[in-house]
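Chemist: Have a look at the structure that comes next, please.
The values are calculated or read from the model by the stated rules, or taken from the named source; none is laboratory data. Please read all numbers here as calculations on a predicted model, not as lab measurements. Cβ sites come from the backbone with ideal geometry, for glycine too, and all protein chains shown count toward neighbours. Note: accessible area is taken over every heavy atom of the protein model, side chains too, but ligands, DNA and RNA are not part of it. Shrake-Rupley method; radii C 1.70, N 1.55, O 1.52, S 1.80 Å.
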Amino acid sequence: MSSLYKQLGLGAAGSPLTASHLLMLVLGAGFLAFTVFVVHPNDFRLQSFFSGGCPGSPPHDAVLLPVKHADATTPAKAPVEHPGVRVLIGIQTMPGKYERRHLLRTVYALQLQEHPALAGAVDVRFVFCNVTSAVDAVLVALEIMRYGDIIVLNCAENMDGGKTYDFFATAARAFPDGAYDYVMKADDDTYLRLPALAAWMAGAAREDAYLGLQMPCDRENFYPFPPFMSGMGYALSWDLVRWVARSEVSRRDRVGPEDMWTGRWLNVAGKAKNRYDGAPRMYNYLGSSPANCFRHGFRPDTIAVHMLKDAGRWAETLAYFNATAALPPSGLYHLP
């Protein structure tokens, strides 16, 4: 310590710093490093470097259009401004999944409450096919009256039998041009971080645009199927939504794995020249599975996490992203 003190020229007469001052500075820096790396590691930006991205790349022999990748940035904590983009998010679910809809309404309402400027930019709806149960008919009607956020398509309930086509076609007919810049299809086991999603979309093209987690991202999964965006959540610009609704390409070929088929429509027709890959900020929940290019650990700049199949996975995910940080203290509840 004394040699360093002398090298820094702090031993001269009249210096405002003494050896004890320098010792306090060194101890303070050490305490700060301990706090950042050990006490609050989830808030450290370099964690995103270690959380794992895509080790592979799209196959060399696949027909690829240029894809822009999501910027890996840590989102700001402060409330965001209106992103200048409007998106309709259709969460595909089923009439009887009341508990899941309640959870998602709560999660997204709290995000909009924290970032009120997004209320005019993000419109979250729940999408399912015709209600056939007398019980569901009554309970869903109450939901519609209370929340007004349900779209009932004129189809038999299905996952890969044309439901996504019907959603895009219905949106194109039900909403006027200019109402939305993008329409997004999402699964009900996907957690979307709306500020990050809106900021990402704000930097994308408003026409001929296709956004999501691009697959295949390696040579082991879905290879060599032509590129498409994972069904966890992908968006089309409004002009492509209108095209899907009017095109014979999509109308005649709607039965099949819905995310692959959406990509196929666009590939066959030479559409979606502006493609945006959300990797590594869009991914599947890791759990005990091995990490790969579409499944890895949480990262601070996440846009979407998929495969949240049960309450435990949802709780773990929401805890990582501090979803309950704004809970006020009260003597009326006692939570761990």
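Chemist: Any of 68/309; 68/271; 68/97; 68/163; 97/273 with alpha carbons more than 25 Å apart? Name them for me.
Modeler: The answer is 68/309; 68/97; 68/163; 97/273.
Chemist: Taking 0.36 nm per residue of separation and subtracting the Cα-Cα distance, what length does fully extending residue 155 through residue 137 add?
Modeler: Length gained, residue 155 through residue 137: 5.0 nm.
Chemist: What do the square roots of 5 times the Cα gyration tensor eigenvalues come to for segment 144-196, in whole Å, largest first, as semi-axes of the equivalent ellipsoid?
Modeler: Semi-axis lengths for segment 144-196 are 19, 17, 14 Å.
Chemist: Moving on. What would the Debye equation give as log₁₀ I(q)/I(0) for segment 65-201 at q = 0.18 Å⁻¹, counting only Cα atoms as equal point scatterers?
Modeler: The Debye formula, applied to the Cα set alone, gives -1.11.
Chemist: What distance in nm lies between label points placed 7 Å from Cα along the C-beta direction at residue 333 and residue 117?
Modeler: 2.9 nm
Chemist: Ok, one more. Let me know the shape class of segment 196-283, please: from the alpha-carbon gyration tensor, a ≥ b ≥ c as square roots of the eigenvalues, rounded when a/c is under 1.5, otherwise prolate if a/b is greater than b/c, or oblate.
Modeler: In terms of gyration-tensor shape, oblate.
Chemist: Here's something else I'd like to know. Could you work out how much longer the chain between residue 219 and residue 174 gets when fully extended? Use 0.36 nm per residue separation minus the Cα distance between them, nm to one decimal.
Modeler: 12.2 nm
Chemist: How large is the accessible surface per residue of segment 163-236, computed with a 1.4 Å probe and reported in Å² as a whole number?
Modeler: Using a 1.4 Å probe on heavy atoms only, each residue of segment 163-236 averages 29 Å².
Chemist: What nm distance separates the two modelled labels at residue 268 and residue 69, each placed 7 Å from Cα along Cα→Cβ?
Modeler: That separation, rounded to one decimal, is 3.2 nm.
Chemist: Report, to one decimal in Å, the Kirkwood hydrodynamic radius for segment 213-336 based on all distinct Cα pairs.
Modeler: Taking the inverse mean of 1/r over all distinct Cα pairs, segment 213-336 comes out at 17.0 Å.
Chemist: How large is the charge dipole for segment 241-336, taken about the Cα centre, if only the Cβ atoms of Lys, Arg (+1) and Asp, Glu (-1) carry charge, to the nearest 20 debye?
Modeler: 540 debye
Chemist: Compute, for segment 71-178, the length of the dipole vector about the Cα centre, with Cβ point charges of +1 (Lys, Arg) and -1 (Asp, Glu) only. Units Debye, rounded to 20.
Modeler: I would put it at about 160 debye.
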